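What follows draws every value from the coordinates through simple rules; no lab data is involved. Given the structure is predicted, the values throughout are model-derived calculations rather than measurements. In this analysis, Cβ positions are derived from the backbone assuming ideal geometry, glycine residues included, and neighbour counts consider all displayed protein chains.
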Amino acid sequence: MEKLLLLTSWLFMLTSLNGQPEGVLNCCEGDVLFLLDSSGSVSSYEHSRMLDFLSQLVLPFSLGEDQVRIGLLQVGTQPRLEFGFDAYSAQGSLQGALRGVKPLRGDTNTVEALRIAKDRVLRQGPGGGARPGLPRVLVWLTDGVKPGDVIGPMAELRQEGVTVLVVSTGHGNYQVLREVVSPPAEDHLYFVDIEDMSIILEDLRDIIVEIIRAERIQVRDVSSNAATLQWRPVLSGLPGHYEIRFGPHPTGGTGGLGGGPGTSPSTGGGRYQRLVQSSDSDTVRLTDLKADTTYTATMTPESNRQSFNTLSVTFTTHAGRLLHSFRLKDYLPLPTTFGLPPEVQSPAVVRVSEPGPTSVRVSWGPLQPEVVTSYSVEYSALPAGKLQTMTVDKRQNSTLLKNLQPDSTYLVTVGARLASGQERAMSVKVCTKEATPALSDLQLTAADGGAVRADWKGGADGLKGYWLTWEGRQAGTARRSSTYLPPSSLSTRLDDLPPSARVCVSPVYGRARGEGLCCTAPFASEGPAYGSRS
């Protein structure tokens, strides 16, 4: 025991000295306020479990004035702001503060707590605690017991741009909680038993990351032949580099951003130009640009420690002082009688349809077989997947991309190879659906004491747990219950079911549920009942 205590102390000291744990999410910028139910309806054990959950939830985030800030507001008879956004800028001190939080007890005065949150903590500008121009998130952890009239105050927060998420360890007030969260409710409302909060840990963190992810790239010092890109240095302290690609916007010139080999930035030719900057960089100067031309630039942070999204921006260079040349067809109405070909437009539109876990259809237009020799379709998973290429006949305007990764984002570039030797391209982002295998079997059998035992078969990859619900009527009153079960669960005991209650079990994945099974609960005189697809 003595050695274990020494090892624990050494690890905590090491984390504090380093400032942040390994694998820190240096991805985000925003203010996150946790509203923690600390009233008399929450036991000391439940309160400590909620604090442990918060500690794990925020541990990977990088804290600071230019990154993520965390606040904690407790709900009791007299709500108390335990600490505001400017209190802690390092994980060591934040984790220590969370371990020292004590419950308030008393009534569940959530309405007063929301007033404090709105007027003081989440308010932007003078007198407020939140930073202007950055996302704000309120995460409410509650047992769902008599929260008060919170619908109005929550609506005011949402109207002011605050994203509201709710985690409930009870199963009451479903309609109220569904109404107060920011849409979509299926992503922002969680019901989970106090013992199984770890089930939703990664999902909730991913949702918060999506809300406060710092996806900003700025353009400054634009001239007729140059511009500077500036971004938030998300790779600071991590191994890796930034890859920058830029070229004429597809609708603004004959070039385009696409796959294939890049060219040197100094040549000004090719479909796009490519630059690589070190991990400690936050700017790059683009040179040898054309005057009065619209460009698209993308910046991708590359690191073997974690994944980052590709950022993009479009800008237009200033017009030059002299008109050096002109094209005759620029000054003639089309069509003309001089035999000039029409302006090539394909691909002017790229669309996606039929999305599935491993495939998606990409379509483009208009077809122009008289000037297009063939189409190329290039696609790769973001941020750094293997580039794949296929050639499509000039009379074909769609293709089905197969063998893709489920729940992934792809950058797809459709390029038209012209008879003149030029190329035109357009890029879109494509998202595949998450794989959600169905439950394969559900069986209900009578158990001792009038209970019912539910057994099912599941356990597919990516499974986060199971969502079990039952409903029925007893003495003329409708009854219903629901709960989450961990992914290791393949059975459970149900007590006090009403007669002939209908029981349903659905597998839960990262962003969706798989197809579930339902059947009617048997009694002791009945045989086993097997599920059928609902």
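Per-structure values
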quantity	calculated
Of LYS394/LYS429; LYS386/LYS429; LYS402/LYS433; LYS429/LYS464, pairs whose Cα-Cα distance is over 19 Å	LYS394/LYS429; LYS429/LYS464
Residue order, fewest to most surrounding Cβ atoms within 10 angstrom, among HIS188, HIS241, HIS249	HIS241, HIS249, HIS188
Inter-probe distance in nm under a simple model that places probes 7 Å from Cα toward Cβ, at SER488 and THR314	5.1 nm
Under 25 Å from LYS102, Cα to Cα: lysines that are on another chain or at least 8 residues apart	LYS118, LYS146
Built amide H within the under 5 Å cut-off of ALA348, gap 5+	GLY365
Derived scalar couplings ³J(HN,Hα) [the range 59-67; Karplus, 6.51 cos²θ - 1.76 cosθ + 1.60; whole Hz; x for Gly, Pro]	4, x, 6, 8, 9, x, 4, 9, 9
Summed side-chain charge close to ALA419 - residues other than ALA419 whose Cβ falls under 13 Å, Lys, Arg +1, Asp, Glu -1	+1
